[in-house]
Amino acid sequence: MELVQTLNGAGIIYFSSKKQAEQVADMLNQKTDRKVMAYHGGMDHQRRFHIQQQFMDGNLDIVCATSAFGMGIDKDDVRFVIHYHLPANIQSYVQEIGRCGRDQKPSLAILLYEPNDRYLQLNLIDHTIPDIGVVDYLYQHPKALNDDDQFRVIKYYFDKGLSFESVQRVFDQAKRRRIAELSAMVNYVYHPGCRRTQLLDYFDEDVSDNDRTFCCDHDSDFWGDWRNFNQKYLKVSSTTGPIQSKDWRQVIDQLFLLKN
């Protein structure tokens with residue numbers, strides 16, 4: 001809440017949980033003067049499109065989103081991206097922070113982290129990669145594959161004629177790969193050196209310049225400087241930004257925005 005009240009300009013906050021995206025959006029609408037909406041894959045297409053357009057047109061300041069938000073979003077003046085939850089991998093993180101500063105002006109990416117966040121991602125891995133015991137049962141009782149949509153991945157391999165052993169190897173490899181990617185993401189959090197260099201090294205790229213004026217929290221007094229950076233570079237546009245006080249018209253506008 002402190003970050004949202006302080007940061008200028010339009011922003012995106014990423015979550016791994018649809019429920020928490022909605023809860024935080026509601027909290028920010030109630031306790032700050034920013035116009036905030038939640039966005040996730042559980043919404044119908046029309047509602048998602050409506051929120052996208054409001055954000056693109058500057059009628060929303062912040063979107064609390066899951067990874068479903070971003071495809072087709074090319075708003076060039078997003079000034080900050082906050083990750084409320086730890087991303088599953090560095091590829092997703094770089095893609096999501098790349099949605100701010102597309103106008104080539106300075107922008108800010110902040111990743112919030114505490115150690116238990118790793119277990120949330122491990123839990124998601126367990127829930128998205130089928131347990132091998134379930135696979136074994138379904139291969140012995142294939143009629144059950146048609147009973148539940150959550151078995152569609154297993155049904156896909158079964159219908160292609162893959163053996164149980166082959167499918168077991170596929171899922172084992174997928175789980176090991178995702179755990180390795182998560183470990184790389186956690187290593188990024190604890191990395192003691194330049195974060196930009198580490199991200200580029202991950203993709204076998206080089207740093208194109210040596211500007212460390214405001215690169216990351218290890219290359220400058222980030223927590224001492226970021227508020228000054230915010231005031232200097234993350235300027236409030238005419239259509240977005242924190243409002244110092246609400247009158248009744250602003251309250252009504254916000255209520256209609258949330259309802260519609």
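Within the range 138-157, residues that are farther than 15 Å from Thr128 by Cα sit with their Cβ atoms under 8 Å from residues that are aromatic (Phe, Trp, Tyr) and at pLDDT 90 or above, at 6+ positions apart or across chains, in these pairs: Leu138/Phe158; Tyr139/Phe158; Tyr139/Phe164; Pro142/Phe158; Ala144/Tyr137; Leu145/Phe158.
Report whether or not Gln198 is part of a helix (DSSP H, G or I), at pLDDT 95 or above, of a type in the set (S, T, N, Q) and over 20 Å from Thr66 (Cβ atoms). Answer is no for this residue. Scanning the range 40-70 for residues that are farther than 18 Å from Gly9 by Cβ, within 12 Å of the chain's Cα centre (by Cα) and of a type outside the set (Val, Ile, Thr) turns up His40, Ser67, Ala68. The set of residues from the range 1-17 being of a type outside the set (Phe, Trp, Tyr) and surrounded by 18 or more Cβ atoms within 10 Å (Cβ to Cβ) comprises Val4, Leu7, Asn8, Gly9, Ala10, Gly11, Ile12, Ile13, Ser16. Of all residues assigned to the range 74-96, none qualifies as being without any contact (Cβ under 8 Å) to a residue 24 or more places away in the chain and over 15 Å from the mean Cα position of the chain (by Cα). Could we say that Tyr39 is farther than 28 Å from Arg195 by Cα, of a type in the set (Phe, Trp, Tyr), out of contact with any Cys (no Cβ under 6 Å at 6 or more places or on another chain) and in contact (Cβ under 8 Å) with a residue 24 or more places away in the chain here? Considered against the rule, which asks whether it is farther than 28 Å from Arg195 by Cα, of a type in the set (Phe, Trp, Tyr), out of contact with any Cys (no Cβ under 6 Å at 6 or more places or on another chain) and in contact (Cβ under 8 Å) with a residue 24 or more places away in the chain, Tyr39 comes out as yes. In the range 163-193, the residue that is nearest to His127 (Cα to Cα) out of those that are of a type in the set (D, E, K, R) and more than 25 Å from the chain's Cα centre (by Cα) is Asp172. Residues in the range 148-168: is at least one modelled with pLDDT under 95, surrounded by fewer than 15 Cβ atoms within 10 Å (Cβ to Cβ) and within 30 Å of Ile110 (Cα to Cα)? The answer is no; no qualifying residue exists.
Note on the range 89-123: residues that are at pLDDT 90 or above, among the hydroxyl-bearing types (Ser, Thr, Tyr) and over 17 Å from Tyr190 (Cβ atoms) total 1. Within 16 Å of the chain's Cα centre (by Cα), surrounded by fewer than 18 Cβ atoms within 10 Å (Cβ to Cβ) and under 22 Å from Met43 (Cα atoms) - does that describe any residue in the range 98-113? No: the range 98-113 contains no residue that is within 16 Å of the chain's Cα centre (by Cα), surrounded by fewer than 18 Cβ atoms within 10 Å (Cβ to Cβ) and under 22 Å from Met43 (Cα atoms).
Residues Arg102, Arg47, Arg152, Arg79: which one is more than 30 Å from Leu199 (Cβ to Cβ), of a type in the set (Lys, Arg) and outside the structural domain of Phe171 (by TED's automatic domain parsing)? Walk me through it before giving the result.
Details: Arg102 fails: more than 30 Å from Leu199 (Cβ to Cβ); Arg152 fails: outside the structural domain of Phe171 (by TED's automatic domain parsing); Arg79 fails: more than 30 Å from Leu199 (Cβ to Cβ).
Testing whether each residue is more than 30 Å from Leu199 (Cβ to Cβ), of a type in the set (Lys, Arg) and outside the structural domain of Phe171 (by TED's automatic domain parsing) leaves just Arg47.
Restricted to the range 55-67, and to residues that are touching a helix residue (DSSP H, G or I) at 6+ places or on another chain (Cβ under 8 Å) and closer than 20 Å to Gln23 by Cα, which residue is surrounded by the fewest Cβ atoms within 10 Å (Cβ to Cβ)? So the residue we want is Ser67. Confirm whether Phe69 is at pLDDT 90 or above and aromatic (Phe, Trp, Tyr). Criteria not met by Phe69. Taken over the range 114-156, the residue count meeting the criterion of being under 32 Å from the mean Cα position of the chain (by Cα) and aromatic (Phe, Trp, Tyr) is 3.
Considering only residues that are in a loop (DSSP other than H, G, I, E, B) and in contact (Cβ under 8 Å) with a residue 12 or more places away in the chain, which ones fall in the range 125-137? Passing the criteria: Ile129, Pro130.
The values are calculated or read from the model by the stated rules, or taken from the named source; none is laboratory data. Given the structure is predicted, the values throughout are model-derived calculations rather than measurements. Quick reminder, even Gly has a Cβ in these numbers, built from the backbone with ideal geometry, and neighbours come from all protein chains shown.
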